[in-house]
1. Would you work out the relative contact order for the stretch A:358-437, in percent, from Cα pairs under 8 angstrom that are 6 or more residues apart?
2. Pick out which of A:119, A:409, A:346 has the largest mean-square fluctuation in a Gaussian network model of chain A, springs linking Cα atoms closer than 10 Å.
3. Can you tell which of A:406, A:63, A:71 shows the greatest fluctuation in a Gaussian network model of chain A with Cα springs below 10 Å?
4. Within the P(r) computed for the stretch A:358-437, what percentage of the Cα pairs occupies the region above 19 Å?
5. Could you pull the Cα extents of the stretch A:74-114 along its three principal axes, largest to smallest, in whole Å?
6. Summing -39500 (n - 2.57) over the DSSP H runs of n ≥ 4 in the protein assembly as shown and dividing by its residue number, what mean residue ellipticity at 222 nm do you reach, to the nearest 500 deg cm²/dmol?
7. Between residue A:343 and residue A:45, what is the label-to-label distance in nm when each label sits 7 Å out along the Cα-to-Cβ direction?
8. Order A:264-274, A:100-110 from most to least packed using the mean count of other Cβ atoms within 10 Å.
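Nothing in this text is a laboratory measurement; each read-out follows from the coordinates by a stated rule. Note that the structure is a prediction, hence the values are computed from the model and not measured. Cβ: placed from backbone, ideal geometry, glycine included. Neighbour counts: every protein chain shown.
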């Protein structure tokens, strides 16, 4: 038989030959250590982490080299968000039993393989310590902010929830404290501090059991937010029967496995109905109002345009009527003018016809007188003016004579020829015939 | 009734990485073996005296 402490042979008196320790006592101590390890393992299996920690610490007091107990203790600390504390247990474990046979080596490698996670765990510890300092110093608002930030990133951090719950209780907000403690009970089913706080808030043991059962619905890996309570309450409402709601005590009964699958369809249906209702009540009226407003704006725009067009049309119509009136007036004026012109023409003709042509005769007399006075140029002009007024035999006769006097026989001959052709029965024919025959 | 100040004193700071080494070295929790060794040591000392 070998000594459990140093491995040397055990003497017949039951003591080690090397270290002198009683084999019986050591065996009993090691056996007790194993017992508490088994107890801790059982408790950890049902998420009674606080109970498991107590049992495992006892196991380590009987045998500090109980590797399994130390490794499990480290794992529980890790689960509760105390990564560094868990790491220290694993380091001590690997120190007692080096080599890959010790699972602590695997845990250490896992943690060390992700430096970011390790650093985050360190930051978590620092932030919690800061929050704790704020809470102790009375700056609770800062502690609230810090803790909420921590818990949104580390939803397993039991100590953070407990401190938050304590702050909420002190702040007179038991509902939020219960919410935080519910999370604690989801991770650590028999957390003594959480149960103590719940009792202080007036919850009976049956209520606490009900809270523990309902906490199983919480997704323990989800970030801690204020909506969790609402989600949980809605689920509780739909999962309880009407009778249960009427009788609150019956909602906290004996343990019963809940079949969540059968409620999935209900959840989906309720979700759809709520979605449709929210669309119908919130989004649709807004959309309709918006569409109506757009229509009204469009209608106003079109009305403005139509009124502008109407104004333009009426302007154009008035312009058209003015122009038509002007055209009619002008036409009437033109017609009147034409009539007047015609009348004037006719009157002029009448006057012309009726007035005796004294100017012609006067001009002819003046031409005859000018020839007598041998002023032939004057006589030629007189005759030409007389011929413009009226053709006549005297005018041609005196014109021919004036040209003769002026030594222009050719023109004189032309004037006589015209006289002879136009007036063959003139009294001057005989006289000019002699001249023409020459 | 819970006294906030009393309760807050029960909360201990979390262990940071910088403190981990000290925590490991100072973790001198005695188990039964250590107690027995001490007892034997004391017995041997008495016998030698």
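1. After rounding, I find 24 percent.
2. A:409
3. For chain A, modelled as a Gaussian network with Cα springs under 10 Å, the answer is A:406.
4. Numbers: 873 of 3160 pairs.
Tail fraction, whole percent: 28.
5. Result, largest extent first: 26, 20, 11 Å.
6. Rounded to the nearest 500, the figure is -24500 deg cm²/dmol.
7. Modelled inter-label distance: 13.8 nm.
8. Details: A:264-274: 10.6, A:100-110: 15.6.
Highest-to-lowest ranking by the protection proxy: A:100-110, A:264-274.
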